[in-house]
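Following: one structure in structure tokens, then a few remarks.
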Amino acid sequence: MTVSTRPYLIRAIHQWCTDQGQAPYMVVWVDENVQVPMEFVKNNEIVLNVGYGATQGLNMDNDWISFSARFGGVSREIWIPVGNVLSIFSRDSGEGMGFELEKLEKPVAKPVSPVSPVAQAPASDDDAKGAKVITFPGRRS
């Protein structure tokens, strides 16, 4: 069985944004497998700043993306199956990559939380605001 290229491409775009000094953002399809602050979800999508300055304990493995971030001053744990990432892009330049939704056939248990309280600087309240959703060619709205 072949492993999906999606997690590798997500990590590569994230690294590229970081190396360029740009803020990496993700558009995520929200369903029962995703753990995000529901008050920020619109049309089953949420836009998240996934830069190191906006997250704590960011872990992007082949199946899950997890981290904690502040929303309205409250720290929240975020869990995203890699198949629910619809795009990752630079907020600054708009460059990035879009993906088709890959629904999980059955819910998968989340791995043990990698979030460490000393890993990185706290995120700002502005990180969840002001993101532009970029529609990539071939992506259904």
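The numbers here are math on the coordinates, done by the rules we state, and not lab data. Note that this is a predicted model, so its numbers are computed, not measured. Cβ atoms come from the backbone with ideal geometry, glycine included; neighbour counts cover every protein chain shown.
Structure data summary
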read-out	value
For SER87, residues with placed amide H under 5 Å, excluding near neighbours	VAL27, PHE99
Segment 27-103, Cα convex hull volume normalised per residue, Å³	100
Cα centroid separation - segment 2-33 against segment 46-75, whole Å	12
Sorted by Cβ neighbour density within 10 Å, fewest at the top, the residues THR5, THR55	THR5, THR55
Cut-off under 5 Å, modelled amide H: who pairs with GLU95 long-range	SER90
